[in-house]
Amino acid sequence: MLTLNLTLRPGESEEKLLALCAKKLHAPVKHFRILKKSLDARDKGDIKWVYAVECSQKRETPQKREYERIKGEMPRVFVVGAGPAGLFCTLRLIRHGIRPILIERGRPVEKREEDILAFQRTGVLDTESNVQFGEGGAGAFSDGKLGTQTNSPLNREVLETFVEFGAPEEVAYLGKPHVGSDNLKKVVANMRSYILGHGGRIFYESRLSDVEVRGGKLTAVYINGTRHEADELVLAIGHSARDTFEMLLARGFRMEQKEFAAGVRIEHLQEDIGRAQYGEAFSLLPPADYKLVSHAGERAAFSFCMCPGGVVIPSTSEEGGVVTNGMSNFARDGVNANSALVVQVKREDFKSEHPLAGVKFQREMERAAYRAAGGGYRAPVQLLGDFLEGRESARFGEVLPSYARGTSFAPVDAYLPPVLCRSLRAAIPDMGRRLSAFNGADAVLTGVESRTSSPVRILRGDDMQAEGIEGVYPCGEGCGYAGGITSAAADGIRAAYAIAKKYF
């Protein structure tokens, strides 16, 4: 087996890689696999794709995965939340021979999509089926980025599992993998079929209403008020399960405040971002993204969840609040680019020691944005140039907002705290010095981006069980242990391993 590092110019076919491998082997290629693919755009005059490939004169026989099988009586395992952490935990439990029950307060992804489109059209919010709640979690209606800053050995398993259930094969080797919201919905549906076909059960429109703990050990869970005896409970509840946080706190679960980030969505023309990143070669390359950080202001500011060729979507889960998020399909072929442009939120901003003070802080911004836009779940918007100059906007320039519920002109200062606004005003020109298109006056700021991550952490020990409560496993982004699809999925797998250890 030979591993080679190869390069291609923009526009060159990947079939050329086979020819290069055959030349190196001095023989026909019988086995070929791309291990890694990334774009080197450091020099705009010499942009190239960089590959690591594996090749051989012999055919490789795929290795079959072997999984342990549980012995003895089947444990009663409940997994709450069908986002990445919950789905991957459930899949891993099944592959250990455990047949869990997956609980999801929202609806299957197909019905959930209908509910989201109905909300965008009518403004009638379903608080149990929306961008935050439902099968697939919040990530199902996003860009589906699978990059992560963690170095977990489970990340490879996560990527390969996505491909196994229908994601494009390139997800397993791209330097910046993404699935796209259109593909994610299909992947989630395939995962559901596998779970149901291998002994798992899924209860939709089913909320964890209570937890019974006796002598420091889980004994039962209450689903929609009905008691079920339980041996193990995985909390993969997502960062917007505010009522569940309140219930768990009341039941004695130990929690702490967690800092997060908040700000706006910023939209540019995708063509402008492509030209700024790649020069005139941008038309030969995938839609350009960016990642920017600035320490020019009082607080660090950074771009987050950048969606090339995407749209800004209404993402609230509570009545009377406006929340935004970004979404793009696999092709990323929309007119606009958008990303979250956010600033650090610190515990001192909460002005309270209560574990859920961060939730209150988020809610206050979301309701302020709702009022600023005049209700109806319209979003407040302001042109970037006007924001920097401290004046109100009256008309759009080249960039038109993509937010589906409609928008109203309102200043960012009407809903973001002053320290966040000051930090953004310092950071944006700084970012523009590194990405020339970024601080264009016609860029549109849409508020509010408040659900970047969970504002609370449910404390757990090294065994992944909740502090002082045996049999409960807080995991994923909502419980404060992940920061995206891949890291949340990996944390769900870790929870499954922790449970499986008890039964082998």
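The values are calculated or read from the model by the stated rules, or taken from the named source; none is laboratory data. Here the structure is a predicted model, which is why all the values come from computation and not from measurement. Cβ atoms come from the backbone with ideal geometry, glycine included; neighbour counts cover every protein chain shown.
So the values come out like this:
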{"item": "Which listed residue, of Ala236, Ala220, is over 30 Å from Arg299 (Cβ atoms) and either assigned by TED's automatic domain parsing to the domain that holds Lys351 or under 21 Å from the mean Cα position of the chain (by Cα) (or both)", "result": "Ala236"}
{"item": "When residues of the range 3-29 are limited to those that are in contact with a Leu (Cβ under 9 Å, 6 or more places away or on another chain) and of a type in the set (D, E, K, R), the one farthest from Arg59 (Cα to Cα)", "result": "Arg9"}
{"item": "Number of the condition not met by Gly432 [criteria: (1) without any contact (Cβ under 8 Å) to a residue 12 or more places away in the chain; (2) closer than 20 Å to Leu218 by Cα; (3) not hydroxyl-bearing (Ser, Thr, Tyr)]", "result": "(2)"}
{"item": "Residues of the range 138-165 classified as of a type in the set (A, V, I, L, M, F, W, C) and free of Cβ contacts under 8 Å to residues at least 12 places away in the same chain, total", "result": "1"}
{"item": "Residues satisfying the stated conditions in the range 144-176, i.e. assigned to a loop (DSSP other than H, G, I, E, B), small (Gly, Ala, Ser) and modelled with pLDDT of 90 or more", "result": "Gly166, Ala167, Gly175"}
{"item": "Output for the range 415-425, where each listed residue is buried (at least 17 other Cβ atoms within 10 Å of the Cβ) and outside any loop (DSSP other than H, G, I, E, B)", "result": "Val419, Leu420, Cys421, Ser423, Leu424, Arg425"}
{"item": "The range 113-124 residues that are more than 23 Å from Val188 (Cβ to Cβ), paired with ones that are aliphatic (A, V, I, L, M) and assigned to a helix (DSSP H, G or I) (beta carbon under 9 Å, 6 or more apart)", "result": "Val124/Ala118"}
{"item": "Residue match in the range 460-467 (condition: in a loop (DSSP other than H, G, I, E, B) and within 27 Å of Val124 (Cβ to Cβ))", "result": "no"}
{"item": "Members of the range 472-496 found to be in contact with a helix residue (DSSP H, G or I) (Cβ under 6 Å, 6 or more places away or on another chain) and among the hydrophobic types (A, V, I, L, M, F, W, C), listed by number", "result": "Cys475, Ala482, Ile485, Ala488, Ala489, Ala490, Ile493, Ala495, Ala496"}
{"item": "First in the range 177-196 and assigned to a loop (DSSP other than H, G, I, E, B), second anywhere and of a type in the set (Ser, Thr, Tyr), Cβ under 8 Å, 6 or more apart", "result": "Gly180/Ser328"}
{"item": "So Gly83, is it buried (at least 19 other Cβ atoms within 10 Å of the Cβ) and either touching a residue at least 24 places away in the same chain (Cβ under 8 Å) or under 30 Å from Gly139 (Cα atoms) (or both)", "result": "yes"}
{"item": "Gly358 within 27 Å of Leu249 (Cα to Cα), in contact with a Pro (Cβ under 7 Å, 6 or more places away or on another chain) and either modelled with pLDDT of 95 or more or not aliphatic (A, V, I, L, M) (or both)", "result": "yes"}
{"item": "Residues of the range 120-143 satisfying the condition of being within 15 Å of Gly483 (Cβ to Cβ) and part of a loop (DSSP other than H, G, I, E, B)", "result": "Gly137, Ser142, Asp143"}
{"item": "Selection count where residues are closer than 14 Å to Cys307 by Cβ and among the small types (Gly, Ala, Ser), scope the range 172-192", "result": "2"}
{"item": "Test result for Val359, touching a helix residue (DSSP H, G or I) at 6+ places or on another chain (Cβ under 8 Å) and more than 19 Å from Ser315 (Cβ to Cβ)", "result": "no"}
{"item": "Unmet criterion (only one of (1) free of Cβ contacts under 8 Å to residues at least 60 places away in the same chain; (2) of a type in the set (A, V, I, L, M); (3) within 20 Å of Ala85 (Cβ to Cβ)) for Ala220", "result": "(3)"}
{"item": "Selected residue (criterion: farthest from Arg378 (Cα to Cα)) from residues of the range 279-317 that are in a strand (DSSP E or B) and of a type in the set (Val, Ile, Thr)", "result": "Val293"}
{"item": "Failed item in (1) surrounded by 22 or more Cβ atoms within 10 Å (Cβ to Cβ); (2) within 16 Å of Ser294 (Cβ to Cβ); (3) in contact with a helix residue (DSSP H, G or I) (Cβ under 6 Å, 6 or more places away or on another chain), with Ser436 passing the rest", "result": "(1)"}
{"item": "Entirely in the range 1-119, the strands (runs of 3 or more DSSP E) that have 2 or more residues that are out of contact with any Lys or Arg (no Cβ under 6 Å at 6 or more places or on another chain) and under 30 Å from Gln277 (Cα atoms)", "result": "2-8, 31-40, 48-56"}
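A quick yes/no check of all residues on (1) more than 24 Å from the chain's Cα centre (by Cα); (2) surrounded by fewer than 22 Cβ atoms within 10 Å (Cβ to Cβ); (3) at pLDDT below 95:
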position: Arg265; (1), (2), (3): no, no, no
position: Ile273; (1), (2), (3): no, no, no
position: Glu280; (1), (2), (3): yes, yes, yes
position: Pro287; (1), (2), (3): no, yes, no
position: Val293; (1), (2), (3): no, yes, no
position: Glu298; (1), (2), (3): yes, yes, no
position: Met306; (1), (2), (3): no, no, no
position: Gly309; (1), (2), (3): no, no, no
position: Ile313; (1), (2), (3): no, no, no
